[in-house]
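The values are calculated or read from the model by the stated rules, or taken from the named source; none is laboratory data. Treat the numbers as computed from the prediction; the structure is a model and nothing was measured. In this analysis, Cβ positions are derived from the backbone assuming ideal geometry, glycine residues included, and neighbour counts consider all displayed protein chains.
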Amino acid sequence: MSIESMVDHSRAETLRVLSHVQDLRTPSVVYSRHALTTAAQGLSDAVSAVFGSRGAVAFSTKCNPRTEILEQLAAEGCSFIAAWPRDVQHLLRLGVPATSIFWSGPLKRATDISAMRRARIVPVVESPSQFASVLLGCAEPGDHDVIGIRLHFTERSRFGVTIEDLSPHLRSVKAHGISRVGFQVHGLAGPWPPPCAHWAERAAAANRGHELADKFGLEVAFVSLGGGLPEPSEPAREAYMEAALPYLAAAHQVMSPVPRVLVEPGRFLVQWSGTMVASVVDVRHRRDAVHVILDLSFTSLASPTSTELAPVLLADGDRGPDRDLLFVGPSDFHGDLLCRAAGPVPNAGDLVAFPRVGAYQEAFAAHRAEPQLRIVTI
């Protein structure tokens, strides 16, 4: 689908979402439960079509840890990948079963390992240095008998274990009396989204891990193929399914059977669910472009460049020809630049919406000192 068509869908979805909001004040972010449900069901359709009952959709909480997001995805039957113990505890309080939570974070303290063990949460070892502490914490009587291992199949990294380095760690797992392992397969930096062949490589890496596990008498309980699915061009259930199917099929063609196959494309699931709305405070005509000053600061976002912000002007009538516009925060400083786009020049008081900001944006930046955006859920 063309870029122009995606822009049309973005505008249509923005107008649909905001029509359900009463007393819209700015700056704010509007989350759509309907968009979340649509994404989760579309991806679940694709996973089921390829992997049958063995397939499952997982969501990484670091992508967007807001309670409204987690509750809606839990209601759709999603599993969760939690990076921090507080996220695990939050999921448990929301009623998510322990069997649907995986603890995969870069820091694992002894007290946290013990707490996760008591809660029956499967830990995923993120680096070689974590093995000793995690295995020690998982070796107590009555403990669960499965441990996850993050695999990197491209090159050595601080995070994850390569196939070449896997055997001694599997030997340690066996020595600690643990009978089952799982693999969370990830690659390092590359094109985004990764090509379909990348997913086949992930499946091949999982197969190699499976072969090594067999040699040590370990059962492979699950494989997570990670994320990186291309964003659909419109928030429709069929569009989500069509976008995911080629990637899942590429992995399925080379993947050895395992009891449980997870996919965890966080951005794919929640990107369309969030719409950010700001007011135009001022318009300044400069030599480089027309500066559109908003009541929204750069620091309200985690990383504007992680999503190509596409502003939608919420104003009626002809505003003249398109101009080169710079959308900036109140300081009108180059460090407060939100995005650059072509469009008609707005007036002070107009509303500007930025659709597709549900992933790695305001919720990810909520720890900053700037006032948080008003959150509306419909």
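Quick one: which of ARG156, ARG109 is among the basic types (Lys, Arg) and modelled with pLDDT under 75?
Within the list ARG156, ARG109, the selection yields ARG156.
I'd like the residue in region 325-342 that is at pLDDT 75 or above and more than 20 Å from SER10 (Cα to Cα) and, out of all such residues, is surrounded by the most Cβ atoms within 10 Å (Cβ to Cβ).
So, considering only residues that are at pLDDT 75 or above and more than 20 Å from SER10 (Cα to Cα), the one surrounded by the most Cβ atoms within 10 Å (Cβ to Cβ) is VAL328.
Table: residues versus (1) over 18 Å from ARG356 (Cα atoms); (2) in contact with a helix residue (DSSP H, G or I) (Cβ under 6 Å, 6 or more places away or on another chain); (3) modelled with pLDDT of 85 or more.
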{"site": "TYR247", "(1), (2), (3)": "yes, yes, yes"}
{"site": "HIS291", "(1), (2), (3)": "yes, no, yes"}
{"site": "SER306", "(1), (2), (3)": "no, no, no"}
{"site": "GLY317", "(1), (2), (3)": "yes, no, no"}
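Are there any pairs, at least 6 apart or on different chains, whose C-beta atoms fall under 8 Å, with the first in region 12-37 and closer than 15 Å to LEU313 by Cα and the second assigned to a helix (DSSP H, G or I) and aromatic (Phe, Trp, Tyr), and if so, which?
Hits for this filter: GLU13/TRP272.
Is there a residue in region 263-273 that is touching a Phe, Trp or Tyr at 6+ places or on another chain (Cβ under 7 Å) and under 30 Å from ALA348 (Cα atoms)?
Scanning region 263-273 turns up at least one residue that is touching a Phe, Trp or Tyr at 6+ places or on another chain (Cβ under 7 Å) and under 30 Å from ALA348 (Cα atoms).
Give the number of residues within region 179-203 that are assigned to a loop (DSSP other than H, G, I, E, B) and modelled with pLDDT of 85 or more.
So the count comes out to 1.
How about region 269-286: which of its residues are β-branched (Val, Ile, Thr) and assigned to a helix (DSSP H, G or I)?
VAL270
Modelled with pLDDT under 90 and within 26 Å of PHE153 (Cβ to Cβ): does that describe SER79?
No.
Can you tell me which condition VAL50 does not meet? The list is (1) without any contact (Cβ under 8 Å) to a residue 60 or more places away in the chain; (2) assigned by TED's automatic domain parsing to the domain that holds LEU248, and all the others hold.
(1)
Could you tell me which residue of region 230-247 is farthest from SER53 (Cα to Cα), considering only residues that are touching a Leu at 6+ places or on another chain (Cβ under 8 Å) and of a type outside the set (Phe, Trp, Tyr)?
Among residues in region 230-247 that are touching a Leu at 6+ places or on another chain (Cβ under 8 Å) and of a type outside the set (Phe, Trp, Tyr), the one farthest from SER53 (Cα to Cα) is ALA243.
Would you tally the residues in region 222-241 being assigned to a helix (DSSP H, G or I) and either surrounded by fewer than 24 Cβ atoms within 10 Å (Cβ to Cβ) or outside the structural domain of VAL146 (by TED's automatic domain parsing) (or both)?
Total satisfying the criteria: 4.
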